[in-house]
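Asker: Take this structure, written in structure tokens, and hold onto it; I'll ask about it next.
What follows draws every value from the coordinates through simple rules; no lab data is involved. In this text the structure is predicted, and so the values were computed from the model without any measurement. Cβ atoms come from the backbone with ideal geometry, glycine included; neighbour counts cover every protein chain shown.
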Amino acid sequence: MKLDLESNKMERRTHLVVVDTFCPTGEIASTLQALSSDSTHISVLVLGLAPEMPISTYSASSYGAYAIPAAWQEAYNTQNKVTAARAEDVEKILQDAGIAGDVVTAFCEMPRIEEAIAARAALCDLTILSGQVITSGDILKQALDGILFRSPVAAVVNNTDQAFTGSAKHPFIAWSGDLPATRAVHHALPVLLEAKEVTVAVFDPVMRDHADGDNPGSDVATWLSRHGCKVNVQQYPSGGKEIGDCIVERATEVGSDLVVMGAYGHSRLRQRIFGGTTRTLLEQTKLPVLFAH
């Protein structure tokens, strides 16, 4: 089978927006309108959470048939219809606003959300999680695991009152020099190139050749400047404060509108149990954050 696709005259980046059935219609509309541009295609994934099948279902009768409780089947069908209806609502938002995009659904149990999001994110340029989706800790965990560990793209987590536009005037790079941070900068490059100013921030730098070098942050700043970015480097002492809190404080102080950073530089399990920089940035509500791993 041969598939012929016309080449687009203009390049378009594909942004994946993840919403669920509880996300208010007005919030979805404002999110999509903020991201809309002539150079963007918006793909919306509507998550529907299916009720988990009761354990008793797995007990077959003597004839091998599953005994599925009627109440579960009714709940399953109802939620499936709710998911489909929400997808139709999103389709209407796109059509009414003249936004280039598409809508798909993923109706599945909680453990399969990670897989569903990863499959969709794999063929997008950036994924945006905002609003109601990230108020659910379980859904956020599955979504982030799918994007950061099972797909090649970054995730923007926006828990602020302002819709993310897909761009930033003054990104704040929380630079640690490790692989997750490096990947975050590479993923953020289209945003960094359009920014008026970029701040590279290094916290508690160790100025030794085998550590952060003589001038920590200057290496990535030099690389970005070759691309045409206007970059400044700031080195901050944490003073014993949690690094995540320092990032939010300093980024707000310099007037940044997006934080760029690597996620889960340490064990995911460790950070979820004991806390960490990633967890702090996920929980704060002042700035959107672009994460990569």
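Asker: Could you derive backbone 3J(HN,Hα) for the range 176-191 from the dihedral phi with the Karplus parameters 6.51, -1.76 and 1.60 (θ = phi - 60°), listing whole Hz in sequence and x where the residue is Gly or Pro?
Answerer: Karplus-based 3J(HN,Hα) across the range 176-191 equals 10, x, 8, 4, x, 5, 5, 5, 4, 5, 4, 5, 7, 3, x, 6 Hz.
Asker: Determine ³J(HN,Hα), in whole Hz, for all residues of the range 27-38 in sequence, where each value follows from phi through the Karplus function 6.51 cos²θ - 1.76 cosθ + 1.60 and θ = phi - 60°; x replaces Gly and Pro.
Answerer: Result, ordered by residue: 5, 4, 4, 5, 5, 5, 5, 5, 7, 5, 7, 5 Hz.
Asker: Please work out the FRET efficiency for the pair V206 and F149, using the Cβ-Cβ distance as r and a Förster radius of 41 Å; give the result to the nearest 0.05. Can you show the working numbers first?
Answerer: On the way: r = 28 Å, r/R0 = 0.69.
Once the sixth-power term is evaluated, E becomes 0.90.
Asker: So if each residue of separation counts as 0.36 nm, and I subtract the Cα-Cα distance between D245 and N232, what length gain in nm does that give?
Answerer: Extra length from D245 to N232 when fully extended: 2.6 nm.
Asker: Over the range 171-292, calculate the relative contact order: mean separation of alpha carbon pairs under 8 Å at least 6 apart, over the residue count, as a percent.
Answerer: Numbers: 196 pairs, mean separation 40.7, N = 122.
Normalised by residue count, the contact order of the range 171-292 is 33 percent.
Asker: Tally Lys and Arg at +1 and Asp and Glu at -1 over the other residues with C-beta under 9 Å from the C-beta of P190: what net charge comes out?
Answerer: Computed value for this residue: -1.
Asker: I'd like the FRET efficiency for E52 and E88, computed as 1/(1 + (r/R0)^6) with the beta carbon distance as r and R0 of 25 Å, rounded to 0.05.
Answerer: Values: r = 26 Å, r/R0 = 1.03.
According to the calculation, E is roughly 0.45.
Asker: Could I ask something else about it? Taking neighbour Cβ counts within 10 Å as the exposure measure, how do E114, E91, E11 sort from fewest upward?
Answerer: E11, E91, E114
Asker: Testing the spin-label approximation: label points 7 Å from Cα along Cα→Cβ at V254 and T25. State their distance in nm.
Answerer: Each label point lies 7 Å from its Cα, and together they span 4.3 nm.
Asker: Residues with amide H under 5 Å of D102's amide H, sequence separation 5 or more or different chain, H placed in the peptide plane at 1.01 Å from N; which?
Answerer: I42, S43, V44
Asker: So if each residue of separation counts as 0.36 nm, and I subtract the Cα-Cα distance between D178 and T160, what length gain in nm does that give?
Answerer: Roughly 3.8 nm would be gained on extension.
Asker: Taking amide hydrogens as modeled 1.01 Å from N in the peptide plane, which residues meet the under 5 Å criterion relative to T21, leaving out close sequence neighbours?
Answerer: Those lying under 5 Å, H to H, from T21 are L47, L49.
Asker: Can you give the FRET efficiency for Q79 and H186, using 1/(1 + (r/R0)^6), R0 = 35 Å, r = Cβ-Cβ distance, to the nearest 0.05?
Answerer: Numbers: r = 39 Å, r/R0 = 1.10.
The formula returns an efficiency of 0.35 here.
Asker: Residue by residue, what Karplus-based ³J(HN,Hα) values in Hz, rounded to whole numbers, does the range 198-205 have, using 6.51, -1.76 and 1.60 with θ = phi - 60° and x for Gly and Pro?
Answerer: 10, 9, 9, 10, 10, 10, 6, x
Asker: Here's a follow-up. With respect to the cross-link table entries K241/K286; K169/K286; K196/K286; K196/K241, which display a Cα-Cα separation exceeding 25 Å?
Answerer: As for pairs spanning more than 25 Å Cα to Cα, those are K196/K241.
Asker: Another question about this same structure. List T14, T285 from most exposed to least, where exposure is judged by having the fewest other Cβ atoms within 10 Å.
Answerer: Numbers: T14 18, T285 9.
In increasing order of surrounding Cβ atoms, one gets T285, T14.
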